[in-house]
Amino acid sequence: MLPSSILHNTFPHLSVSGSAGFWLGLSIGLSMLIHELGHLVAARSCRVAASEIGLGLGPKLVSLRLGPMRFSLRLFPIASFLRLDGSQLKQCTVPQQLFVHLGGVGLNLLVGTMTFGTVIGWLNILLAAANLLPIYQHDGWKCGVVIMRALLGRTSQPVEWAFTFSGGFASLVMVGVILRLFI
């Protein structure tokens, strides 16, 4: 099936053309911003500095500074990020590091629950679930690395590479099984 027919079968009342496509894109951007704000609130509560929230990857299209925080919109709208002070984060306790890494998932789940049944609700729940997968640089992967380092008492590049590849493979298998259930 083509992606547009999958979307139509899942949400028959939704058209991907015209204004519906615009509103869907805006809703995805809003869900990604909510996710990054969850990380920001968690980081600030653990006294970890953050300097930028970015929507998208690649070259900056638009950038706005509000106090110490920069908000940027980038060329490729496929991801979002919060630029944290990594050295400050590593000085935090393991529970604090996990709290910061899971802050975005937590806020997505809260907003998804509060708006359940709407497009924004589903997008926030899907974004939270996707970020829990142990895919490289996703929140689930970052939490796994924090836990592995705590258990080993040090960093181990071979162990982290093994976790990265096995986590990516396991994520592909899980997504494949889920897609087969619904398609």
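Key figures for this structure:
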read-out: Helix 139-152 vs. the chain, principal-axis angle (Cα, 0 to 90°, nearest 10); value: 20 degrees
read-out: Inter-probe distance in nm under a simple model that places probes 7 Å from Cα toward Cβ, at Ile178 and Lys60; value: 3.3 nm
read-out: Helical mean residue ellipticity (222 nm; -39500 (n - 2.57) per DSSP H run of 4+; nearest 500) of the chain; value: -21500 deg cm²/dmol
read-out: Gln157 paired with Phe116, simple spin-label distance in nm, labels 7 Å along Cα-to-beta-carbon; value: 4.7 nm
read-out: Using alpha-carbon coordinates, inclination of helix 94-114 to the longest axis of the chain, degrees; value: 20 degrees
read-out: Residue exposure sequence - Leu26, Leu37 - by fewest surrounding Cβ within 10 Å; value: Leu26, Leu37
read-out: Residues Ser80, Ser27, sorted so that the one with the fewest Cβ neighbours within 10 Å comes first; value: Ser27, Ser80
read-out: Residues whose placed amide H lies under 5 Å from that of Glu52, excluding near-sequence neighbours; value: Arg70, Arg83
read-out: Angle between the chain longest axis and helix 119-132 axis [Cα atoms, degrees, rounded to 10]; value: 40 degrees
read-out: Summed residue charge, Cβ within 14 Å of Met69's Cβ, Lys/Arg positive, Asp/Glu negative; value: +1
read-out: Cut-off of 10 Å, at most 12 other beta carbons, DSSP loop: longest stretch of the chain lacking such trypsin sites (Lys or Arg not before Pro); value: 48-153
read-out: Relative intensity, log₁₀ I(q)/I(0), of the range 3-132 from a Debye sum that treats every alpha carbon as a point, q = 0.17, 0.18 Å⁻¹; value: -0.94, -1.02
read-out: Likely footprinting exposure, Ile34, Ile28, Ile147, fewest C-beta neighbours within 10 Å first; value: Ile147, Ile28, Ile34
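The numbers here are math on the coordinates, done by the rules we state, and not lab data. Note that the structure is a prediction, hence the values are computed from the model and not measured. With ideal geometry, Cβ positions are generated from the backbone for all residues, glycine too; neighbour counts draw on all protein chains shown.
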